[in-house]
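Here you go, one structure.
The values are calculated or read from the model by the stated rules, or taken from the named source; none is laboratory data. Source: prediction; values computed, not measured. Methodologically, a virtual Cβ is constructed for each residue, glycine included, from the backbone with ideal geometry; neighbour enumeration extends over all protein chains shown.
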Amino acid sequence: MPTRPLPTARRLAARAAAVLVTGALAAAVLPPATGAAAPAARPTAYVDPLIGSSNGGNTFPGATLPYGMIAWSPTSTRGDQTSTGAANGYEYGATRLRGLSLTHVNGAGCNPGAAGDIPIMPFVGDVTTSPSADTKDAVYAANFSHDDERAVPGRYTVGLDSGATADLAVSRRAGVADFGFPAGKPASLLFRVSNSLNGSEDAQVEIDAAHRKVTGSVLTGAFCGRRANGGTNNRKSYYRLYFSASFDRAFSTTGTWKDGTLAPGSTAGSGGEGYATGADRAGRGSGGWVGFDTASGTDVHMRIGISYVSQAGAEANLRTEIAPHAGVDDVAAAASRTWDRELNSVRTGGGTEAQRTTFYTALYHSLMQPNVISDTDGRYPGMDGAPHRVERGQGAQYSNFSGWDQYRAQIQLLALLKPEIAGDFAQSLHNFARQNRGVWDRWVHINGATHVMTGDPTAATLATFYAMGVRNFDYEGAYESLARQATFPVDDGLSDAGCPGQCTGQRPNLAQYLESHYAPQDVCHCWGGAAETLEDAVADDALGRWAALLGRDKEAKAFKERGGWWRNVFNARATDGAGTDGYIQARNLDGSWVSPFAPGSELGFAQGTSATYTWMVPQDVQGLAEAMGGRDIAAQRLDGFFHKADGSWSVRGGDSVRYDPTNEPGIHAPWLYNALGQPWKTQATVREILNTVYGTGPRGLPGNDDLGTMSAWYVFSALGLYPQSPGGGAMLLGAPLFPRAVIDRPHGRDVTITAPAADATHAYIDAVTVNGRRSDRSWTDASLLARGGTLAYRLSERANTSWATNPSGLPR
């Protein structure tokens, strides 16, 4: 079927209603701001995928669907073929690309992080040398202008300075593309099969000119494989991605390459790049190209499917998900409808255009993951390397679990809005654990156990799912397995492999932890003893809550007690030298405190300081306040965490002793005032962060999105809600940003939030009613979100310092 003509590169930006690349939306696309409570008819009109593509957000602008396997997005370059502009392959300031890659992970922090598999490059010119030998990306890459770039949910379009264009749209496991080339010039598509972001062990390409097909695969993995702290531990392969691409046109030329050798006319090639860095990897790798005769037409239509199981699986995924003659417009329209359905999980009314853009883009980023890794027939690669099928009753196998990040906000949002996906995800993690000798890895990428970060976040995650009503997984079996992991030591717990940052032990030196009741810094085999103790205390408390809900009272009591072991790393005598005493501090096996100590030190911690981690006791805020000398003293200290000595705000990061919105250990801290009896300070602090740290444009995220975590923080906070503690379903209350919001509950009554006076000046709660009854509590129990209901706010321009302050009604 003939494809529609592609416009020239300089006309791409005007083709359709689209996101402007500055991050704002074209005014004609936006529904009018009503000021009342009319919800957005099509929330995709407010999504700007370029938000977070700068400032270390590590988002990607390419085409993807909710929980999609394929995420087709640019791999950019700054002149080094073994590196990219940012961890996810795209950075707004790097306007040169070397391919459009088929897989990405949203907001991962390692640089490069993961995936970026099979970059496909539309190239104008003759292929006369090996693209792998172009180590500086001087020849087989091209510049582009953001004026010629368009990103909307499910579709990505770009025009290159070379004159080539690419228009991409996707289903969940497949995609279609229209490529355009200048008339009268040589035109090729390069399949850089080995050039995944972290490199590859092996790659293959095969060209079938008779059937106008290109197929192949890459054997790769190596998530976070370049980290200085233990990076060699993850320089390994754990998955193979297969692809199958077919074309509407015959090939005029073919060829392959390996390392520095070009083979014109060849139809098969192979070879990986390895996982080294810099010169040790430069010049290595393989790929193939197909050329087209631009004298007979300048447009090329391609259909492509991918699979982590087989080439046949990739072809079946394509056949199943995309109709034989579907074009980019058709697939993009279906993708847009899918995203609208997903984003309508939260229907907001009122607010400014910028607030809606920030909100719905945050929701978009939150619902990108987990990611499907099973084919349409249910097959997927297990963590044991063998093929498996999804369990009976399981919709799909999901992966990409950034546990240390996600358990604090993103998984709660997933459980609230998409409980069936949450249940399938929980079952997926359980399946992986059974294939991995009973070990629940803390950072799972595809079917790889990467060990990244610290603590036992899966325990907190699945306990939270259960507490929030998710039931479509083997929760009894999952609980028993996680409880075993937290109770019985294994040999890996005594290994320093990968430490710090990628320690193989999921409960490091568990035997000693159970004896000492804290993780001794000198023998913990972990990233940091104080951080490990706090993380394990959160996980154990969550297991205790889960056990109680399951009726396992003895286990509940034991795990609940372990949840209080944070006290063993709270040193009442640790001081900042300026009159503030009492901080979390690492300890040695003999009980001595690790020194020297300073609140701004990271010694004993993981990606944070004592000043931040001291607040990381969400399961026992009252106990923490008591240890500090009482709620009033704790609130005064919290004031100093968010303000400089002159009283000005300090919420943008960059100060080791104050709030850091760019990383997870302290992101719950603005909400702690609720438990300290001063909820108006939560309202003021959260509003300041919403207004100044988040926003539109490429710099609109504070830092790594970490698989939707930072975006989920914004979604909850803008709704005036925040999870109280992992393992529970209670929500803390703040001042909503919108006059009206409706949270869709898939199998029950919706949650409706009204705050008619919500605007820039009404940032404080004056009164709240829950299901029509006035409430003097700054929190709701799990029943509101589980059963649905209404939250009605009366907002004020001034703080109400008497609402929700009664000690008997404070969050525990």
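One residue is enough: does region 625-632 have a residue meeting the conditions more than 30 Å from Cys503 (Cβ to Cβ), free of Cβ contacts under 8 Å to residues at least 40 places away in the same chain and assigned to a loop (DSSP other than H, G, I, E, B)?
Yes: region 625-632 contains one or more residues that are more than 30 Å from Cys503 (Cβ to Cβ), free of Cβ contacts under 8 Å to residues at least 40 places away in the same chain and assigned to a loop (DSSP other than H, G, I, E, B).
Same structure, new question: Give region 387-414 a look and list any residue that's of a type in the set (Val, Ile, Thr) and over 23 Å from Ser717 (Cα atoms), or say none.
If the condition is that a residue be of a type in the set (Val, Ile, Thr) and over 23 Å from Ser717 (Cα atoms), then Val390 is the only one that fits.
Only one of Ala486, Ala396 is touching a helix residue (DSSP H, G or I) at 6+ places or on another chain (Cβ under 9 Å) and farther than 19 Å from Trp546 by Cα. Can you tell me which?
Checking each option against the conditions leaves just Ala396.
Could I ask something else about it? Yes or no: Phe488 part of a helix (DSSP H, G or I) and among the aromatic types (Phe, Trp, Tyr)?
no
Before we move on, is Arg212 touching a strand residue (DSSP E or B) at 6+ places or on another chain (Cβ under 6 Å), touching a residue at least 12 places away in the same chain (Cβ under 8 Å) and within 24 Å of Gly68 (Cα to Cα)?
Details: touching a strand residue (DSSP E or B) at 6+ places or on another chain (Cβ under 6 Å): yes; touching a residue at least 12 places away in the same chain (Cβ under 8 Å): yes; within 24 Å of Gly68 (Cα to Cα): no.
So Arg212 fails the test.
For region 249-265, indicate whether the set of residues that are at pLDDT below 95, out of contact with any Leu (no Cβ under 7 Å at 6 or more places or on another chain) and among the basic types (Lys, Arg) is non-empty.
No, the conditions are met nowhere in region 249-265.
Of the conditions (1) surrounded by fewer than 22 Cβ atoms within 10 Å (Cβ to Cβ); (2) outside any helix (DSSP H, G or I), Asp340 clears all except one; give me its number.
So Asp340 meets the others, but not (2).
Taking Tyr714 as the residue in question, decide whether it is out of contact with any strand residue (DSSP E or B) (no Cβ under 9 Å at 6 or more places or on another chain), under 25 Å from Gly107 (Cβ atoms), not polar (S, T, N, Q) and not in a loop (DSSP other than H, G, I, E, B).
Considered against the rule, which asks whether it is out of contact with any strand residue (DSSP E or B) (no Cβ under 9 Å at 6 or more places or on another chain), under 25 Å from Gly107 (Cβ atoms), not polar (S, T, N, Q) and not in a loop (DSSP other than H, G, I, E, B), Tyr714 comes out as yes.
Which of the residues that make up region 140-158 are closer than 18 Å to Ala362 by Cα and of a type in the set (A, V, I, L, M)? Steps first, answer last, please.
The first filter runs over region 140-158 and keeps only residues closer than 18 Å to Ala362 by Cα, leaving 151-155.
Matches in region 140-158: Ala151, Val152.
Restricting to region 308-327, give me the number of residues that are within 21 Å of Arg155 (Cβ to Cβ), surrounded by fewer than 22 Cβ atoms within 10 Å (Cβ to Cβ) and in contact (Cβ under 8 Å) with a residue 12 or more places away in the chain.
The number of residues fulfilling the criteria is 5.
If a residue must be within 16 Å of Pro489 (Cβ to Cβ), under 30 Å from the mean Cα position of the chain (by Cα) and among the small types (Gly, Ala, Ser), how many such residues does region 513-571 contain?
Going through region 513-571 one residue at a time, the tally reaches 2.
Pull out all pairs, ordered by first then second residue, where Cβ-Cβ is under 8 Å, the residues are six or more apart or on different chains, the first lies in region 476-492 and is closer than 14 Å to Gln512 by Cα, and the second is assigned to a loop (DSSP other than H, G, I, E, B) and β-branched (Val, Ile, Thr).
Partner pairs satisfying both residue conditions: Val490/Val439; Asp492/Val439; Asp492/Thr504.
Please name all residue pairs, on different chains or six or more residues apart, with Cβ atoms under 8 Å, provided the first residue is in region 684-696 and is in a loop (DSSP other than H, G, I, E, B) and the second residue is modelled with pLDDT under 95 and buried (at least 22 other Cβ atoms within 10 Å of the Cβ).
Thr696/Gly23
OK, next. Say we look at region 756-778 and pick out the residues that are within 18 Å of Ala684 (Cα to Cα) and of a type in the set (Ser, Thr, Tyr); which of these is surrounded by the most Cβ atoms within 10 Å (Cβ to Cβ)?
In this case the residue turns out to be Ser778.
Further, regarding this structure: Give me the pairs, please: first residue somewhere in region 243-265 and under 22 Å from Arg303 (Cβ atoms), second residue anywhere and outside any strand (DSSP E or B) and acidic (Asp, Glu), beta-carbon distance under 6 Å, and either six or more positions apart or on two chains.
Here the result reads Ser244/Glu315; Ser252/Asp293, each pair linking region 243-265 to a residue that is outside any strand (DSSP E or B) and acidic (Asp, Glu).
Look through region 60-83, keep the residues that are over 14 Å from the mean Cα position of the chain (by Cα) and of a type in the set (Gly, Ala, Ser), and return whichever of them is nearest to Gly378 (Cα to Cα).
Across region 60-83, the extreme among qualifying residues is Ala63.
Right, another one. Among Thr157, Thr135, Thr82, Thr75, which is the only one that is under 19 Å from Gly274 (Cα atoms), in contact (Cβ under 8 Å) with a residue 12 or more places away in the chain and not in a loop (DSSP other than H, G, I, E, B)?
Numbers: Thr157 fails: under 19 Å from Gly274 (Cα atoms); Thr135 fails: not in a loop (DSSP other than H, G, I, E, B); Thr82 fails: not in a loop (DSSP other than H, G, I, E, B).
So the residue among Thr157, Thr135, Thr82, Thr75 that is under 19 Å from Gly274 (Cα atoms), in contact (Cβ under 8 Å) with a residue 12 or more places away in the chain and not in a loop (DSSP other than H, G, I, E, B) is Thr75.
Are there any pairs, at least 6 apart or on different chains, whose C-beta atoms fall under 7 Å, with the first in region 633-655 and among the polar types (S, T, N, Q) and the second assigned to a loop (DSSP other than H, G, I, E, B), and if so, which?
What qualifies is Ser650/Lys644; Ser650/Arg658; Ser650/Tyr659.
Across region 737-755, which residue is surrounded by the most Cβ atoms within 10 Å (Cβ to Cβ) among those that are in contact with a strand residue (DSSP E or B) (Cβ under 8 Å, 6 or more places away or on another chain) and over 11 Å from Leu785 (Cα atoms)?
Ala741
For the condition without any contact (Cβ under 8 Å) to a residue 40 or more places away in the chain and crowded, with 24+ Cβ neighbours inside 10 Å, what is the one hit in Gln397, Gln410?
Exactly one residue qualifies, and that residue is Gln397.
Which members of region 92-109 meet the condition of being surrounded by fewer than 24 Cβ atoms within 10 Å (Cβ to Cβ) and either in a loop (DSSP other than H, G, I, E, B) or within 17 Å of the chain's Cα centre (by Cα) (or both)?
Of everything in region 92-109, those that are surrounded by fewer than 24 Cβ atoms within 10 Å (Cβ to Cβ) and either in a loop (DSSP other than H, G, I, E, B) or within 17 Å of the chain's Cα centre (by Cα) (or both) turn out to be Gly93, Ala94, Thr95, Gly109.
If you go through region 355-366 one residue at a time, do you hit one that is surrounded by fewer than 21 Cβ atoms within 10 Å (Cβ to Cβ), of a type outside the set (D, E, K, R) and in contact with a Leu (Cβ under 7 Å, 6 or more places away or on another chain)? Walk me through it before giving the result.
Initial filter on region 355-366 (surrounded by fewer than 21 Cβ atoms within 10 Å (Cβ to Cβ)): none.
No; the residues of region 355-366 include none that is surrounded by fewer than 21 Cβ atoms within 10 Å (Cβ to Cβ), of a type outside the set (D, E, K, R) and in contact with a Leu (Cβ under 7 Å, 6 or more places away or on another chain).
Having 1 or more residues that are in contact with a Pro (Cβ under 8 Å, 6 or more places away or on another chain) is the bar; report the strands (runs of 3 or more DSSP E) wholly within region 195-292 that clear it.
Hits in region 195-292: 237-247, 253-258, 286-292.
Looking only at region 761-794, which residues are within 16 Å of Pro736 (Cα to Cα), in a loop (DSSP other than H, G, I, E, B) and of a type in the set (Gly, Ala, Ser)?
Result: Ala763, Ser778.
Select from region 310-323 the residues that are of a type outside the set (Gly, Ala, Ser) and either at pLDDT below 95 or within 14 Å of Arg172 (Cα to Cα) (or both) and list them in ascending order.
Once the filter is applied, which keeps residues that are of a type outside the set (Gly, Ala, Ser) and either at pLDDT below 95 or within 14 Å of Arg172 (Cα to Cα) (or both), region 310-323 yields Glu315, Asn317, Leu318, Arg319, Thr320, Glu321, Ile322.
Please find, within region 455-488, the residue that is surrounded by the fewest Cβ atoms within 10 Å (Cβ to Cβ) out of those that are under 19 Å from Lys418 (Cβ atoms) and aromatic (Phe, Trp, Tyr).
Among them, the one singled out is Tyr475.
Still on this structure, please answer the following. Answer yes or no as to whether Gly677 is touching a Lys or Arg at 6+ places or on another chain (Cβ under 6 Å), at pLDDT 95 or above, surrounded by fewer than 22 Cβ atoms within 10 Å (Cβ to Cβ) and not in a helix (DSSP H, G or I).
Spelling it out, Gly677 is indeed touching a Lys or Arg at 6+ places or on another chain (Cβ under 6 Å), at pLDDT 95 or above, surrounded by fewer than 22 Cβ atoms within 10 Å (Cβ to Cβ) and not in a helix (DSSP H, G or I).
Select from region 507-536 the residues that are farther than 18 Å from Gln607 by Cα and either modelled with pLDDT under 95 or part of a helix (DSSP H, G or I) (or both) and list them in ascending order.
Leu510, Ala511, Gln512, Tyr513, Leu514, Glu515, Ser516
Another question, if that's okay. Looking only at region 192-236, filter to residues that are modelled with pLDDT of 95 or more and of a type in the set (Ser, Thr, Tyr); which one of those is surrounded by the fewest Cβ atoms within 10 Å (Cβ to Cβ)?
Ranking the candidates gives Thr215 first.
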